[in-house]
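The values are calculated or read from the model by the stated rules, or taken from the named source; none is laboratory data. Here the structure is a predicted model, which is why all the values come from computation and not from measurement. Ideal geometry is used to build each Cβ from the backbone, glycine not excepted, and the neighbour counts take in all protein chains shown.
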């Protein structure tokens with residue numbers, strides 16, 4: 001296998017979460033492995049062997065297939081293969097997907113160091129929207145880390161140095177309590193409408209569903225705030241662990257969609273923690289909104305540590321918030337940068353006046 005031999009290639013670090021069969025043999029102490037034979041389609045005779053992705057020689061792959069019970073006479077239509085690809089470094093792109101070296105060139109997917117279908121699709125959306133906005137002379141469009149996992153992904157791609165293909169996990173989001181699957185329509189539909197992504201028939205249908213859902217959310221919350229159950233406000237009951245979606249549905253008078261009830265149930269159960277996260281976001285938002293001026297030359301800032309100087313110069317963060325997430329940059333470094341920016345800005349104003 002090229003991955004474990006001296007053949008050309010095989011230098012890159014493979015994806016951690018979908019290893020090849022040879023990688024599994026090396027990494028795991030097991031003497032057997034399950035292979036799933038999956039039909040390629042309803043009217044197809046092709047079968048995909050799920051669980052033995054490999055880049056070993058074709059004759060070896062055929063031996064493996066014919067070694068499976070029931071596959072002794074199988075023919076191999078296409079051999080497995082590996083792909084080793086180059087990637088742009090985090091400091092070479094903006095969070096919009098646009099390259100710093102070539103204005104107007106947008107990149108998305110594996111070339112940015114990611115692995116996975118959803119990760120690539122998310123980048124394609126961001127890059128596509130921003131390419132159109134650039135052509136129309138509009139401002140960049142970015143999602144915050146507290147607004148969507150797409151925002152977390154794009155921010156990580158320009159602030160962290162990857163040591164392996166990047167995958168998106170809930171654990172990477174510090175505000176994941178707000179980024180639940182059930183409230184995705186409420187978070188993202190207004191944004192999609194604002195930037196013009198709901199103009200198709202499907203988009204318009206989605207918007208109607210969202211508007212109906214919004215009315216139901218308001219009605220359910222109104223019932224909760226007004227209703228008393230066994231002498232105690234329902235608003236207190238819904239915070240209890242034992243009072244879940246089914247219990248809430250049973251006491252509501254109106255006819256509501258189950259998914260909408262689930263969202264309200266989660267919102268109410270996590271309400272105190274959500275307030276804490278919103279307060280934290282409010283504290284951080286000043287740094288996120290505070291842009292670092294394009295004229296900033298970090299080597300001119302006295303007192304900046306060498307590690308911070310290298311990181312800030314290399315990545316060229318757009319905001320103080322991004323700068324603070326760079327490895328090697330401390331709050332003290334940000335304070336020094338802030339003082340420098342303030343003094344330089346005051347000096348520039350005085351000169352212009």
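One table, with the values for the structure above:
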{"quantity": "Complete set of residues in region 303-319 that are touching a residue at least 24 places away in the same chain (Cβ under 8 Å) and over 16 Å from residue 154 (Cα atoms)", "calculated": "303, 304, 305, 308, 312, 314"}
{"quantity": "Qualifying position, being surrounded by 14 or more Cβ atoms within 10 Å (Cβ to Cβ) and under 26 Å from residue 231 (Cα atoms), among 261, 281", "calculated": "261"}
{"quantity": "Number of positions in region 101-129 that are over 11 Å from residue 168 (Cα atoms) and either under 13 Å from the mean Cα position of the chain (by Cα) or in contact (Cβ under 8 Å) with a residue 12 or more places away in the chain (or both)", "calculated": "17"}
{"quantity": "Residue list for region 19-37, filter: assigned to a loop (DSSP other than H, G, I, E, B) and free of Cβ contacts under 8 Å to residues at least 60 places away in the same chain", "calculated": "19, 28, 29, 30, 31, 32, 33, 34, 35"}
{"quantity": "From the options 222, 208, residue that is within 18 Å of residue 266 (Cα to Cα) and not assigned by TED's automatic domain parsing to the domain that holds residue 141", "calculated": "222"}
{"quantity": "Residue in region 318-353 that is farthest from residue 101 (Cα to Cα), counting only those that are under 25 Å from the mean Cα position of the chain (by Cα) and assigned to a loop (DSSP other than H, G, I, E, B)", "calculated": "330"}
{"quantity": "Residue match in region 38-49 (condition: within 22 Å of residue 15 (Cα to Cα), touching a residue at least 24 places away in the same chain (Cβ under 8 Å), surrounded by 11 or more Cβ atoms within 10 Å (Cβ to Cβ) and under 33 Å from the mean Cα position of the chain (by Cα))", "calculated": "no"}
{"quantity": "Failed condition for residue 213, given (1) outside the structural domain of residue 109 (by TED's automatic domain parsing); (2) free of Cβ contacts under 8 Å to residues at least 60 places away in the same chain; (3) outside any helix (DSSP H, G or I)", "calculated": "(3)"}
{"quantity": "Flag for residue 81 being surrounded by fewer than 14 Cβ atoms within 10 Å (Cβ to Cβ) and closer than 30 Å to residue 313 by Cβ", "calculated": "no"}
{"quantity": "Residue list for region 122-167, restricted to those being modelled with pLDDT under 95, surrounded by 21 or more Cβ atoms within 10 Å (Cβ to Cβ) and assigned to a loop (DSSP other than H, G, I, E, B)", "calculated": "145, 146"}
